[in-house]
Every structure is written in C-alpha cells, then in structure tokens.
Amino acid sequence: MKELIEKYPFLNYYYDNGKLVFEDEKRRIEDNYYTKFEGYGWDKLWKKYLKELFKIYDTLSEAKKKNFKIVFVDASKNYLEVETSNKEIDNILSDRIKKMSLWVCNKCGNLFKNEKGELTIYRSRRTNVAFCKDCALEESLGDIDSEFKVMTTDNIDPWLEELNE
Ligand SMILES: [Zn+2]
C-alpha cells in the first residue's frame, strides 16, 4: 500500500485547501480511497474504477498529475458517483461507473444474469436498494415480486463482466 499511495498520491484524502487530511504516513497507509470504501457491495466496482483511473493517470503530464485529486465519492444514492479534479477523466470514467453501479448487487457485489443471459437486478420498491437474485431472496420477507422491481438489460458493459471473475 505504501508504494501505491506514493505512486498515486490522489488515493490520500485531502482537504479543499490541498492539505493532507492525515499527515501521518502509517495512518494514510491504513486509511485512504483504496483501503476504505463505504460503498459496501460496490467495492469490486470501485477497485475496477481505480484500476482504470491508474492507467489514465499514468499517461498524464507531470503538471496534471500534480494537481489531480479525487473530489468526492458518493455511494449513498442508488448509483455510485465519483468526481475528480480532471473533467476529461470524469467524462471517460465517471458516467461509465455510474451506469455500471446500477447493475451491481449492493450487498455482495456480484452480477446476476437471467436464463436469457440478460443482466438482472432486483430493486427494492421500499428502499430502492439493488440486489442480485440470491440476495433479493435473502432480503425478501415473502413475495419477491411484490417487494422488488426486476430490471434487465442485454447491453452489458465489458468491465462489468470482469467483476465476477
Ligand atoms: Zn448479491
């Protein structure tokens, strides 16, 4: 982790003024955007996002690297929202991860496909939280169909296919 935050300093938390939230390196190794993620089932999706972000970051000029920060990560809605200080990167990655997050189980992080091979998500009518079929059955108190809205798509982002691996 030490090498990773040295190579990708934007994994550290920063205040708006650009100062590190944690000055202590030991603390920063334990507590950063890579190690702490509040998105529960979206953890694998978040790691995938970071992996793609690292690839793009590696291609930036030193000046752009220096100023690059993660501005916010919001996992409190029914989709995952990420904003960085670089609009071009956000145009490539943020919308994509947002769309992907709609199809990932909020509990176990897996995808579920129905018998037709379509991505399928069970969204709670009460809380709007999305589950794969197994987790929906577990969460269900009785009739899965009355508790969940079922949504399917055959338009599957190739990055999503990598999450179950
Ligand atoms: Zn699940």
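Please determine whether any residue of region 123-134 is farther than 30 Å from Lys55 by Cβ and of a type in the set (Gly, Ala, Ser). Yes, region 123-134 has at least one match. Apart from one condition, Lys55 fits all of (1) of a type outside the set (Ser, Thr, Tyr); (2) surrounded by fewer than 16 Cβ atoms within 10 Å (Cβ to Cβ); (3) assigned to a strand (DSSP E or B); the exception is (3).
You will find that of Tyr79, Tyr34, the residue that is in contact with a Leu (Cβ under 9 Å, 6 or more places away or on another chain) and more than 19 Å from Tyr13 (Cα to Cα) is Tyr79 and no other.
Looking at Asn155, Asn128 in this structure, which one is modelled with pLDDT under 95, more than 16 Å from the ligand (Cβ to nearest atom), out of contact with any helix residue (DSSP H, G or I) (no Cβ under 6 Å at 6 or more places or on another chain) and not in a helix (DSSP H, G or I)?
Details: Asn128 fails: more than 16 Å from the ligand (Cβ to nearest atom).
Of Asn155, Asn128, the one residue that is modelled with pLDDT under 95, more than 16 Å from the ligand (Cβ to nearest atom), out of contact with any helix residue (DSSP H, G or I) (no Cβ under 6 Å at 6 or more places or on another chain) and not in a helix (DSSP H, G or I) is Asn155.
Quick one: is Thr59 at negative phi and at pLDDT 95 or above?
Working: at negative phi: yes; at pLDDT 95 or above: yes.
Yes.
Selection of region 109-125 for residues being more than 16 Å from the ligand (Cβ to nearest atom) and either of a type in the set (S, T, N, Q) or at positive phi (or both) yields only Gly117. Among the residues of region 92-100, is any touching a strand residue (DSSP E or B) at 6+ places or on another chain (Cβ under 6 Å) and free of Cβ contacts under 8 Å to residues at least 12 places away in the same chain? No, region 92-100 contains no residue that is touching a strand residue (DSSP E or B) at 6+ places or on another chain (Cβ under 6 Å) and free of Cβ contacts under 8 Å to residues at least 12 places away in the same chain.
A quick yes/no check of all residues on (1) within 16 Å of the ligand (Cβ to nearest atom); (2) over 14 Å from Asp157 (Cα atoms); (3) over 18 Å from the mean Cα position of the chain (by Cα); (4) not assigned by TED's automatic domain parsing to the domain that holds Ala136:
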{"position": "Leu60", "(1), (2), (3), (4)": "no, yes, yes, yes"}
{"position": "Phe68", "(1), (2), (3), (4)": "no, yes, yes, yes"}
{"position": "Val73", "(1), (2), (3), (4)": "no, yes, no, yes"}
{"position": "Ser76", "(1), (2), (3), (4)": "no, yes, no, yes"}
{"position": "Glu81", "(1), (2), (3), (4)": "no, yes, no, yes"}
{"position": "Asp95", "(1), (2), (3), (4)": "no, no, no, yes"}
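The values are calculated or read from the model by the stated rules, or taken from the named source; none is laboratory data. Being a predicted model, the structure only gives us computed values, none of them experimental. Backbone-built Cβ (ideal geometry, glycine too); neighbour counts: all protein chains shown.
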